[in-house]
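Encoded as structure tokens, the structure appears first; notes follow it.
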């Protein structure tokens, strides 16, 4: 499996859980935050997370995103994504 695919799967496993393992961050799931797309830039070791509702992933005072960043071993960039903008 490529590093890009690994990074994307790791993120989804942390957010949604995998198998019998529960999610690592309480109150966040990919469906609720409006996850639209994940892209990974190997050069900068950055995972770009495109969300319709980024505030739900960030959490109050950034607590949730800080927890995810601790669990994840690469940079995470959150990008607000509006599906209506895509139609233009």
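What follows draws every value from the coordinates through simple rules; no lab data is involved. The shown structure was predicted, so the numbers you read here are calculated from the model rather than taken from an experiment. Every residue, glycine among them, receives a Cβ derived from its backbone with ideal geometry; neighbour counts consider all protein chains shown.
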For 53, 67, which order do you get if you count the other beta carbons within 10 Å of each Cβ and list the fewest first? 53, 67
What share of the DSSP beta bridges in region 3-82 is antiparallel, in percent to the nearest 5? 55 percent
Hey, fewest Cβ within 10 Å first, where do 18, 49, 28 land in order? 18, 28, 49
Computed [θ] at 222 nm, helices only, for the chain once each DSSP H run of length n ≥ 4 contributes -39500 (n - 2.57): -10000 deg cm²/dmol
Can you work out the FRET efficiency for the pair residue 61 and residue 3, with r the C-beta to C-beta distance and R0 = 30 Å, to the nearest 0.05? 0.45
What residue among 43, 61, 77 has the largest mean-square fluctuation in a Gaussian network model of the chain, using Cα springs under 10 Å? 43
